[in-house]
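Read-outs: derived from the displayed coordinates by stated rules, not from any lab. This is a predicted model, so every value here is computed, not measured. We place every Cβ from the backbone using ideal geometry, glycine too, and count neighbours over all the protein chains shown.
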Amino acid sequence: GENVEQHPSTLSVQEGDSAVIKCTYSDSASNYFPWYKQELGKGPQLIIDIRSNVGEKKDQRIAVTLNKTAKHFSLHITETQPEDSAVYFCVPANDYKLSFGAGTTVTVRA
Amino acid sequence: NAGVTQTPKFQVLKTGQSMTLQCAQDMNHNSMYWYRQDPGMGLRLIYYSASEGTTDKGEVPNGYNVSRLNKREFSLRLESAAPSQTSVYFCASKPYDEQFFGPGTRLTVL
């Protein structure tokens, strides 16, 4: 099965600074690379995704970059705000097969 | 639209008891999923249903059964609950790529 590693497991940043989370995966058949955000007591919610034919995608303060050759993709959050505090998961996928990383707990300090 | 709904929100069982977790979606999605989330971990796939009338095992299916009752509903059954099944259970549905999650059911098995 897919082996997914996500780093770091926890990340504390000052409000306004940037945050970067990295994810490596093993299954070369993975062709869809989303990031989900989970707030306390809620289900995960998609925040950004990228397909394997695209290297980078940006949506306002968040961006995802993909290196399919190296089998890794990253989440970048700029100008962090208190509402960015949450757990973030990378979820490499292929059709119906999805594999969640262990998650990164991001804390934004005011 | 209510999105994905799950019942109950909380449940306490004794070892050996049985119960069914209910999930329904009103978005006309073909695929539905059941996950469990344990502390400090990502979500692990229990079962999924790619379309009405089909179900398949995920990463951790032992001790569970599922029923895709119709396009809207996908239930998860624990026939004989064990303490190892104490977890938060999430149901999700998806049309193509993005998964939409329910609010979760927190289950404790004593």
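Taking the Cα centre as origin and putting +1 on Lys and Arg beta-carbons and -1 on Asp and Glu beta-carbons, what dipole magnitude results for the protein assembly as shown, to the nearest 20 debye?
400 debye
Convex hull over the Cα atoms of the range B:30-110, averaged projected area in nm²?
Details: hull surface 21.2 nm².
Over every viewing direction, the Cα hull of the range B:30-110 projects on average to 5.3 nm².
Distance in nm between label sites at A:HIS76 and A:ASP17, each 7 Å beyond Cα in the beta-carbon direction?
About 1.8 nm, to one decimal.
Please tell me the relative contact order of chain A in percent, rounded to the nearest whole number, where contacts are Cα pairs under 8 Å and at least six residues apart.
37 percent
Of B:ASP26, B:ASP56, B:ASP97, which has the largest mean-square fluctuation in a 10 Å C-alpha GNM of chain B?
Result: B:ASP97 has the largest fluctuation of those listed.
For A:ARG109 paired with B:SER18, estimate the spin-label separation in nm (one decimal), with each label point 7 Å from Cα along the Cα-to-Cβ line.
5.4 nm
Nearest 20 debye, what's the magnitude of the dipole of chain B about its Cα centre given +1 on Lys and Arg Cβ and -1 on Asp and Glu Cβ?
280 debye
Once you charge only the Cβ atoms, +1 for Lys and Arg and -1 for Asp and Glu, what is the size of the charge dipole of the range A:1-62 about its Cα centre, to the nearest 20 debye?
Details: 7 positive and 9 negative charges, 32 e Å.
In total the dipole reaches around 160 debye.
Which of A:LEU40, B:LEU13 comes first, and how do the rest follow, when ranked by fewest Cβ neighbours within 10 Å?
Final ranking by Cβ density, sparse to dense: A:LEU40, B:LEU13.
Would you work out the relative contact order for chain B, in percent, from Cα pairs under 8 angstrom that are 6 or more residues apart?
Answer for chain B is 36 percent.
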